[in-house]
Amino acid sequence: MRRIITLALLYVGMQMIIPLDTRHGAGAVTLLTFGFLVLGAYTSGELAEQLHLPKITGYLVAGLLFGPGVIGIVSASAVSELAPVSRLAVALIAFLAGLELRWGELKERGRAILTIMSTELVLQFAAIVGVLWLMRGYLPFVHDATAPQVLALCALFAAIAIVHSPAVTMALLTETRARGPVARTTLGIVLVADVVVVLLFSLVLAIVRAMVPAPGGVAAAMSPGVIAWEIGGALVVGSGLGLAVALYMRFVQRELLLFAIVIAFFGAEIARLAHVETLLTLVMAGFITGNATHDQGRELLHAMERSAVPVFVVFFALAGASIDLPQLARLWLPAIAIVGARAAAIFVGSNLGARWSTAPDVVRRDTWLGLISQSGVAIGLAAILASAYSTRGAEMQTLILSVIAINTVAGQILFRVALVRAGEVVVEAGEETGVRERGVGATLEVGGRGPGAR
């Protein structure tokens, strides 16, 4: 009740202050709105935790509630002006994800990661194309297209819709401090899958543009040389940045959190200026830093994890405020069909991949729940699609964003369920007791990782 009252007081305060503050210009209003959004989202996260939901669900719902689609305290112009803050949060999350990865762990789980990822991505792609083909009468972007063109456009949509969400994965792992096989396998899959999806989308877009011509767009940007540079250049730039950070950690090692923010900011700017993939650049930088410094890298990781809450509050609150409810209401039928087909394909593909790679039973049973969420890369690829096809692309982008909204909300809840069921959520002394499941037995775990966590 205290948190609900806090949210109500924040709302009343904003309604009283905004009319008084408009004389200072749009910048002052945006800054005030940002402060309100952070406080409101953080309070909603605490409320979600009381309801046994992930905190990031509260952040997302707060953004949706206070955003332009519902109450409207956070206007669409404010969301647009705060986009750089969201991009910085993405860069920090990517760097943190890279720090989490260890080369030895990748070698240990590499077969399971690649097999599960390959199987579920292929099945996702086929399932989404099939659903779109069956529901083509409900899809405005395939009107007046021939049968081969309809199939090509469905494949282009599916090339985006199969992507996962490193941001949601990292947020849940940081919140729960999970380090077990389900957590580590899921993190590896979502990071590697992002690279695969970027390559697949670029290839499919080049083919579809030949089958369904469109004036203008990004034809030159999707040439093979540019694609190779976006991926290969990101690895090179990220490696150089990671080595620079490793030298700082080895010889200076001061003000770690501030230094990480500076690295994320400049890393994102360098990636933008070099025209390379930002997420991959920062993940690579974190990966090189963590593996080149070992103990110092872990200190940086722990410093970032302890201070990660504001980053996740900002990112998910802005993501929630960006959800367009009227669009979602118009496209609910095909969106639900795509979400259902995608979830079923992930479930089947993850189970088959885990069996073929002889992964542990807990990985086969629970990993698929961590692969539902979408954000970040999917939104960026949808924007590229909208610029490639002015009318069709905008209609496809609308449906993609609707699917992302549903998967982001449901996926974070399902991933937490998976981590709890796998017994990988770390429980501090004084908190509720968690149960670690292992086959037919169960071990009670309080205040530590337990025998199966990493």
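The values are calculated or read from the model by the stated rules, or taken from the named source; none is laboratory data. All of these numbers come straight from a predicted model, not from anything done at the bench. In this analysis, Cβ positions are derived from the backbone assuming ideal geometry, glycine residues included, and neighbour counts consider all displayed protein chains. Note: accessible area is taken over every heavy atom of the protein model, side chains too, but ligands, DNA and RNA are not part of it. Shrake-Rupley method; radii C 1.70, N 1.55, O 1.52, S 1.80 Å.
Within the range 277-300, being touching a residue at least 24 places away in the same chain (Cβ under 8 Å) and surrounded by fewer than 21 Cβ atoms within 10 Å (Cβ to Cβ) holds for Asn291, Ala292, Gln296, Glu299. Of all residues in the range 364-376, those being assigned to a helix (DSSP H, G or I) and open to solvent by 20 Å² or more (accessible area, probe 1.4 Å) number 3.
Across the range 278-299, what is the total count of residues that are in contact with a Gly (Cβ under 8 Å, 6 or more places away or on another chain) and farther than 13 Å from Ala89 by Cβ? Qualifying residue count for the region: 14.
Among the residues of this structure, Ile71 counts as one that is touching a residue at least 24 places away in the same chain (Cβ under 8 Å) and over 23 Å from Gln374 (Cα atoms). Taken over the range 352-363, the criterion of being assigned to a helix (DSSP H, G or I) and surrounded by 19 or more Cβ atoms within 10 Å (Cβ to Cβ) is satisfied by Gly353, Ala354, Val362, Val363. In this entry, Ala354 passes the filter for residues that are at pLDDT 85 or above and of a type outside the set (Lys, Arg). Filtering the range 388-420 to residues that are within 22 Å of Val195 (Cβ to Cβ) and either without any contact (Cβ under 8 Å) to a residue 12 or more places away in the chain or small (Gly, Ala, Ser) (or both) leaves Ala388, Gly411. Enumerate the pairs (first residue in the range 102-120 and closer than 20 Å to Ile372 by Cβ; second residue anywhere and open to solvent by 50 Å² or more (accessible area, probe 1.4 Å) and outside any helix (DSSP H, G or I)) with beta-carbon separation below 9 Å, excluding pairs fewer than 6 apart on the same chain, so at least 6 apart or on different chains. Listed pairs, sorted by first residue: Ala112/Thr358; Ala112/Pro360. When only residues in the range 120-153 that are open to solvent by 20 Å² or more (accessible area, probe 1.4 Å) and under 22 Å from the mean Cα position of the chain (by Cα) count, which is nearest to Ile346 (Cα to Cα)? The qualifying residue nearest to Ile346 (Cα to Cα) is Leu123.
Please tell me if Leu369 is in contact (Cβ under 8 Å) with a residue 40 or more places away in the chain and over 19 Å from Gln412 (Cβ atoms). When the stated conditions are applied, Leu369 does not pass them. Being closer than 20 Å to Ala89 by Cβ and open to solvent by less than 30 Å² (accessible area, probe 1.4 Å) is the filter; apply it to the range 5-34 and report the residue that is modelled with the highest pLDDT. Selected residue: Thr33. Of the candidates Arg392, Arg365, Arg355, Arg342, the single residue that is among the basic types (Lys, Arg) and under 21 Å from the mean Cα position of the chain (by Cα) is Arg342.
When the range 308-344 is limited to residues that are open to solvent by 40 Å² or more (accessible area, probe 1.4 Å) and assigned to a loop (DSSP other than H, G, I, E, B), the one that is farthest from Val38 (Cα to Cα) turns out to be Asp324. Restrict the check to the range 86-103 and report whether at least one residue is under 30 Å from Phe266 (Cβ atoms) and among the polar types (S, T, N, Q). Yes, the conditions are met somewhere in the range 86-103.
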